[in-house]
Amino acid sequence: MRFLKAKTPYLSQRIKLISIFYYLGSQLKYNMNFIKKLDFKRIGLHCLYWIFFLWFYISGKSDDEGYFEYIFVYFFKIIAQATVGYGLIYFIIPQTLNKKRPLLFILSALSWLYLIFALLMTLKYYYLEPKFPGFFDDWLGHKMTVPERLTSFKLIFREFSFITYPVIILGFISFNRKQQRLLKLEEEKKSMELKVLKNQLNPHFLFNTLNNLYTLTLKKDEKAPEIIAKLSEILDFVLYRCNEDYVSIEKEIALIENYIALEKLRYSDNRLAISFTKDIQESVKISPLIILTFIENAFKHGVINETEKATIALHLESTRNQILFTIENTKPQNELSNVSDKSRIGLENVRKQLDLLYPKKHELEIQETQTNYKVRLYLTL
């Protein structure tokens with residue numbers, strides 16, 4: 001028992017010491033994490049920005065005027081300007097303008113400016129002017145009391161203009177930086193949306209093609225090997241080249257011709273009449289699979305259910321800054337039902353891609369009569 005009693009204070013001290021070291025270690029870790037999150041490059045640039053203005057204020061003063069007084073006085077003015085600027089940029093603007101409250105922004109900004117102005121006038125009257133007698137003799141409010149300074153519109157306007165012009169420059173820089181960041185985020189969002197759309201569109205197209213191949217292999221059709229060869233070229237395009245936002249129009253034409261050749265192998269001349277005319281004056285780029293989706297729909301809804309001879313006419317032309325694509329197909333005379341929701345996936349995805357890749361630079365016209373279905377796509381590059 002005596003041994004345990006003797007050891008108890010020692011153990012208690014050890015536990016307290018360990019607890020202290022653990023607390024200090026956790027605080028050090030927290031502080032290190034905080035330091036790692038600091039953007040020292042940005043902080044350094046801001047410091048250089050205000051050092052430049054301090055240098056600008058005192059650069060025109062001669063040596064006999066006393067650099068120390070100017071540096072000391074203008075240092076406080078720099079502090080006032082920085083306080084106004086960072087208060088506006090990091091607190092008032094996010095809480096007002098960013099939330100679409102312009103009136104509250106005006107009131108808050110003017111109140112913030114006046115508060116800093118009042119503090120600066122008080123500091124001058126009670127500290128700077130007594131410390132540097134004669135330095136402010138030429139200043140507008142030199143002989144005014146604090147209440148007179150705070151109610152002098154001429155002095156308020158002069159000091160406000162002095163305080164705000166570096167803030168305006170800083171605000172413009174911050175606004176430009178924010179806009180660039182928003183544009184980058186918008187581009188990333190656009191890229192992600194396109195990837196999602198392509199990830200939906202590519203399997204949809206491949207499923208239809210593989211389904212056609214499956215039908216021919218069940219019939220043991222001798223055309224199956226040729227279809228596999230054409231399909232391999234299409235797969236190469238879809239899997240490896242469609243990751244790009246744009247491809248050359250020649251590559252898109254090659255894909256279209258392979259797809260048409262693939263489909264023609266399934267139908268005799270008595271079942272299908274198809275024409276594809278081209279007028280390519282300039283080699284331009286186009287979003288992959290945009291055109292092919294309309295061709296796929298023409299075959300799926302204009303040929304498969306047609307018992308008589310179906311007709312498909314395609315035309316593609318391009319100039320330096322324009323692409324025009326038209327496709328017209330006959331409608332089955334014995335059309336059983338409307339297009340299902342599932343079959344609309346490709347067309348809806350194309351509409352979304354057009355909105356993302358050609359915003360306000362495309363026209364999509366779809367005309368439907370009792371006998372024909374026509375699509376006209378106009379792109380401005």
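The values are calculated or read from the model by the stated rules, or taken from the named source; none is laboratory data. None of these values were measured; they are calculated from a predicted model. For neighbour counting, all protein chains shown are included, and Cβ atoms are generated from backbone atoms with ideal geometry for every residue, glycine included.
Here Lys342 meets each of (1) in contact with a helix residue (DSSP H, G or I) (Cβ under 8 Å, 6 or more places away or on another chain); (2) modelled with pLDDT under 80; (3) among the basic types (Lys, Arg) with one exception, condition (1). Applying the condition of being modelled with pLDDT under 80 and part of a helix (DSSP H, G or I) to segment 264-308 and asking which residue is farthest from the chain's Cα centre (by Cα) yields Gly302. Scanning segment 95-113 for residues that are assigned to a helix (DSSP H, G or I) and either in contact with a helix residue (DSSP H, G or I) (Cβ under 6 Å, 6 or more places away or on another chain) or under 25 Å from Glu159 (Cα atoms) (or both) yields a total of 13.
Here Pro133 qualifies as farther than 30 Å from Lys352 by Cβ and either out of contact with any Leu (no Cβ under 8 Å at 6 or more places or on another chain) or modelled with pLDDT of 75 or more (or both). When Val167, Val73 are checked against the criterion of being assigned by TED's automatic domain parsing to the domain that holds Trp50, under 20 Å from Ile58 (Cβ atoms) and either outside any helix (DSSP H, G or I) or modelled with pLDDT under 80 (or both), a single residue qualifies: Val73.
Residues of segment 348-379 that are assigned to a strand (DSSP E or B) and not charged (D, E, K, R): His362, Leu364, Ile366, Gln367, Asn372, Tyr373, Val375, Leu377, Tyr378, Leu379. None of Ser191, Ser161 is of a type outside the set (Asp, Glu) and at pLDDT 70 or above except Ser161.
Quick check: is even one residue across segment 292-302 in contact (Cβ under 8 Å) with a residue 24 or more places away in the chain, among the small types (Gly, Ala, Ser) and more than 18 Å from Val375 (Cβ to Cβ)?
Scanning segment 292-302, I find no residue that is in contact (Cβ under 8 Å) with a residue 24 or more places away in the chain, among the small types (Gly, Ala, Ser) and more than 18 Å from Val375 (Cβ to Cβ), so the answer is no.
Within the group Glu244, Glu282, which residue is farther than 25 Å from Ile366 by Cα, in contact with a strand residue (DSSP E or B) (Cβ under 7 Å, 6 or more places away or on another chain) and either among the small types (Gly, Ala, Ser) or assigned by TED's automatic domain parsing to the domain that holds Arg351 (or both)? Glu282 is the lone residue from the list that is farther than 25 Å from Ile366 by Cα, in contact with a strand residue (DSSP E or B) (Cβ under 7 Å, 6 or more places away or on another chain) and either among the small types (Gly, Ala, Ser) or assigned by TED's automatic domain parsing to the domain that holds Arg351 (or both). Of everything in segment 76-98 that is among the aromatic types (Phe, Trp, Tyr) and surrounded by 14 or more Cβ atoms within 10 Å (Cβ to Cβ), the residue that is modelled with the lowest pLDDT is Phe76.
Taken together, the residues in segment 255-277 that are within 20 Å of Tyr378 (Cα to Cα), surrounded by 14 or more Cβ atoms within 10 Å (Cβ to Cβ) and not aromatic (Phe, Trp, Tyr) amount to 2.
Condition check for Thr145 on (1) at pLDDT 80 or above; (2) under 46 Å from the mean Cα position of the chain (by Cα): one failure, at (2).
Against the criterion of being assigned to a helix (DSSP H, G or I), within 30 Å of Asn349 (Cβ to Cβ), out of contact with any strand residue (DSSP E or B) (no Cβ under 9 Å at 6 or more places or on another chain) and modelled with pLDDT of 70 or more, Lys184 qualifies.
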